[in-house]
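Read-outs throughout are calculated quantities, based only on the coordinates presented, and are distinct from any laboratory measurement. As the structure is a prediction and not an experimental result, all values here were calculated from the model. A quick note on method: Cβ atoms are made from the backbone with ideal geometry, for glycine too, and the neighbour counts reach across all protein chains shown.
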Amino acid sequence: MEDSEIIELYWRRDQSAIAETSQKYGGFLWNIAWNVLRSHGDAEECVNDTYLRTWNAIPPARPFAFRAWLGRVTRNLSLDRWKQARAEKRGGDGMEVLLGELDQCVPAPHGVEQALEDREIAGFISAFLRTLPQEPRIMFLRRYWYGEDLADIAAKLGCGQGKVKSSLFRTRKALRAYLEKEGVTL
């Protein structure tokens with residue numbers, strides 16, 4: 001079923017919209033949640049929460065890129081759950097390492113201005129990513145958006161982990177320089 005047809009089901013408040021969304025995107029959404037949470041139960045719950053959020057958001061929303069929109073909802077829910085679990089146990093895990101890799105590239109949040117600055121920085125990062133060749137851009141997105149392991153990225157791209165690791169290092173360095181050039185205070 002096409003995305004526009006699924007969205008139309010949501011607009012008509014037809015509950016089959018959720019089943020169609022699950023059938024088409026369930027695996028994709030589960031992988032996003034799993035990469036952040038590394039817990040089957042939590043990943044499943046975030047995917048189910050995605051369906052609920054989608055049901056509540058459409059209408060009035062009419063997402064243009066439905067797959068990306070769903071992925072963003074799942075990723076945000078998963079990160080919220082990860083932060084909540086981390087606050088409860090105050091321990092470190094793979095996601096902390098993953099997010100720590102970007103610490104030198106993006107400024108730390110600070111107070112009320114955070115939401116506006118986050119949008120501005122996201123715009124700069126998107127513009128930067130559009131300047132990259134396809135392979136480094138894919139590596140960056142797989143690592144920092146989808147939270148994939150280096151080994152998984154290397155396997156999917158048919159290269160070694162060392163290549164992925166060095167490409168990500170160079171990309172982070174270039175991102176930092178790009179943001180500094182744009183006047184973003186790090």
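Using a 10 Å cut-off on Cβ atoms, rank the peptides 161-172, 35-46 from the highest mean neighbour count down.
Numbers: 161-172: 16.0, 35-46: 18.4.
Going from most to least packed, we get 35-46, 161-172.
If you add up the charges near Leu9, with Lys and Arg at +1 and Asp and Glu at -1, over every other residue whose beta carbon is less than 15 angstrom from its beta carbon, what do you get? Please list the in-between numbers first.
Values: positive: Arg12, Arg13, Lys24, Arg62; negative: Glu2, Asp3, Glu5, Glu8, Asp14, Glu20.
The answer is -2.
Just to confirm a number: summing +1 for Lys and Arg and -1 for Asp and Glu over residues other than Asn48 whose beta-carbon lies under 13 angstrom from that of Asn48, what do you get?
Numbers: positive: Arg53, Arg81; negative: Asp42, Glu44, Glu45, Asp49.
Overall, the nearby charge balance is -2.
What is the extension gain from Leu141 to Ala57, computed as 0.36 nm multiplied by their sequence separation minus the C-alpha to C-alpha distance, in nm to one decimal? Present the calculation step by step, with values, prior to reporting the outcome.
Values: separation 84, 0.36 × 84 = 30.24 nm, distance 2.57 nm.
Contour length minus the Cα-Cα distance gives 27.7 nm.
Considering only the other residues whose Cβ falls under 15 Å of the Cβ of Ala65, what net charge follows from Lys and Arg at +1 and Asp and Glu at -1?
Working: positive: Lys24, Arg62, Arg67, Arg72, Arg75; negative: Glu2, Asp3.
Result for the neighbourhood of Ala65: +3.
How big, in percent, is the set of alpha carbon pairs in the stretch 3-90 lying more than 14 Å apart?
Every Cα pair in the stretch 3-90 considered, those over 14 Å come to 61 percent.
Please list, in order along the stretch 37-50, the HN-Hα scalar couplings obtained from phi with the Karplus expression 6.51 cos²θ - 1.76 cosθ + 1.60 (θ = phi - 60°), rounded to whole Hz, x for Gly and Pro.
So the Karplus estimates, Gly and Pro as x, are 9, 6, 9, 4, x, 5, 5, 4, 5, 5, 5, 4, 5, 4 Hz.
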